[in-house]
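S.K.: First the structure, then my questions, so here it is.
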């Protein structure tokens, strides 16, 4: 777990990064203990007037901002942690959509008894799909393809 001072550092550095980008907004920082990851997850939620500028096409700008913030914070905080930056609940809503997509597609695969290939997606999005289906006993999911064409295939468990 990170200390209060370290969480304050996260907030200050994210605020500084956003000021350099020219965006203002309300920032909240909270910490979750994640047993599957190395160290806690620090959730940084930003409420902004112009979220499109921070999110970008298909969340790419948000992903890059999160990466830059993590690089900055890695120099300031020695302990390992996962940083999740969200703008106007974009990531939260997208994860809900992906979990629903995973379950609906798995139900379709079970009904039609045919594998189904989803559209190409980022590793983070594929991970949401895999986790959403991990407790199902009737289907399995796997990633196939290379680079930006990498996608999830859902098929019946053998």
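S.K.: Here is a list of conditions, (1) surrounded by 12 or more Cβ atoms within 10 Å (Cβ to Cβ); (2) over 26 Å from residue 6 (Cβ atoms), and residue 57 meets all of them except one; can you say which number that is?
M.R.: Just one mismatch for residue 57, condition (1).
S.K.: Consider only pairs whose beta carbons are under 9 Å apart and that are at least six residues apart or on different chains; among these, list those whose first residue lies in region 140-158 and is on the phi > 0 side of the Ramachandran plot and in contact (Cβ under 8 Å) with a residue 12 or more places away in the chain and whose second residue is part of a loop (DSSP other than H, G, I, E, B) and surrounded by 14 or more Cβ atoms within 10 Å (Cβ to Cβ).
M.R.: Between residues of region 140-158 that are on the phi > 0 side of the Ramachandran plot and in contact (Cβ under 8 Å) with a residue 12 or more places away in the chain and residues that are part of a loop (DSSP other than H, G, I, E, B) and surrounded by 14 or more Cβ atoms within 10 Å (Cβ to Cβ), the close pairs are 145/120.
S.K.: If I ask for residues that are in a strand (DSSP E or B) and more than 12 Å from residue 90 (Cβ to Cβ), which ones from region 42-60 would you list?
M.R.: Scanning region 42-60 gives 42, 43, 44.
S.K.: Let me ask something else. Determine which single condition residue 25 fails, assuming it passes every other condition in (1) modelled with pLDDT under 95; (2) closer than 19 Å to residue 95 by Cβ; (3) buried (at least 16 other Cβ atoms within 10 Å of the Cβ).
M.R.: Looking at each condition in turn, residue 25 falls short on (2).
S.K.: Does region 61-78 include one or more residues that are at pLDDT below 95, crowded, with 16+ Cβ neighbours inside 10 Å and assigned to a strand (DSSP E or B)?
M.R.: There is no residue in region 61-78 that is at pLDDT below 95, crowded, with 16+ Cβ neighbours inside 10 Å and assigned to a strand (DSSP E or B).
S.K.: Now a separate question. Select from region 121-158 the residues that are assigned to a loop (DSSP other than H, G, I, E, B), within 18 Å of residue 63 (Cβ to Cβ) and touching a strand residue (DSSP E or B) at 6+ places or on another chain (Cβ under 8 Å) and write down the one among them that is modelled with the highest pLDDT.
M.R.: 150
S.K.: Also: Does region 99-120 hold any residues that are in contact with a strand residue (DSSP E or B) (Cβ under 8 Å, 6 or more places away or on another chain) and part of a helix (DSSP H, G or I), and which are they?
M.R.: 102, 105, 106, 108, 109, 110
S.K.: Still on this model: Do the conditions hold for residue 38, that is, is it surrounded by fewer than 18 Cβ atoms within 10 Å (Cβ to Cβ) and either modelled with pLDDT of 90 or more or within 27 Å of residue 97 (Cβ to Cβ) (or both)?
M.R.: No, not satisfied.
S.K.: While we're on this one: What residue, of 66, 60, 6, 19, is without any contact (Cβ under 8 Å) to a residue 40 or more places away in the chain and more than 28 Å from residue 148 (Cβ to Cβ)?
M.R.: 19
The values are calculated or read from the model by the stated rules, or taken from the named source; none is laboratory data. All figures in this text were calculated on a predicted structure; none of them were measured in a lab. Using ideal geometry, Cβ is built from the backbone for each residue, glycine included, and neighbour counts are taken over all protein chains shown.
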